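Scroll down for the structure; my scribbles are underneath it.
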Amino acid sequence: MSIIFDMTVADPGDPGGWGVWLNSHYLEHQQFVQKAQLSAPGTQMELYDLGLWPLEGGTDWWVDAHYAMHQSLETASGISAPDMQAVDFTDPESWGIFLDLNAQHHAAIRQHYGIT
Ligand SMILES: [Zn+2]
């Protein structure tokens, strides 16, 4: 399988770019679930529709679902998931830190499953 998510940077002021990030990022999470289940059949993996961005009610649902998915990747791969639950999407600096942490874990998981 080839890399389908290489967008490590998204500009908080660019809703269109964020939409592209959300969708390609979600597709890679789907790819990771497939890889984890193929390498260890029966593995239980969390999978939520991260392509949906909460327009009302805050972003807690998305943040929690995303973190749960990274935790299940940690369990499946043995690669520690960074804590990404402290993100504040109203703060561009916090958003940037989140993007970096997420990109690092995705790169490590990609390498673990041989996705190039
Ligand atoms: Zn992620």
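The values are calculated or read from the model by the stated rules, or taken from the named source; none is laboratory data. Keep in mind it's a predicted model, so treat the numbers as computed, not measured. Every residue, glycine among them, receives a Cβ derived from its backbone with ideal geometry; neighbour counts consider all protein chains shown.
General observations
- Restricting attention to region 40-59, the residues that are within 14 Å of Ser72 (Cα to Cα) and touching a residue at least 12 places away in the same chain (Cβ under 8 Å) total 7.
- Between Ser39, Ser24, the distinction of being of a type in the set (S, T, N, Q), over 13 Å from the mean Cα position of the chain (by Cα), closer than 19 Å to His105 by Cα and modelled with pLDDT of 90 or more belongs to Ser39 only.
- Elements of type helices (runs of 4 or more DSSP H) contained in region 1-112, each with 2 or more residues being more than 11 Å from the ligand (Cβ to nearest atom) and touching a Leu at 6+ places or on another chain (Cβ under 8 Å): 15-39
- Residues that are buried (at least 17 other Cβ atoms within 10 Å of the Cβ), under 18 Å from Gly17 (Cβ atoms) and of a type outside the set (Ser, Thr, Tyr) occur at least once in region 33-50.
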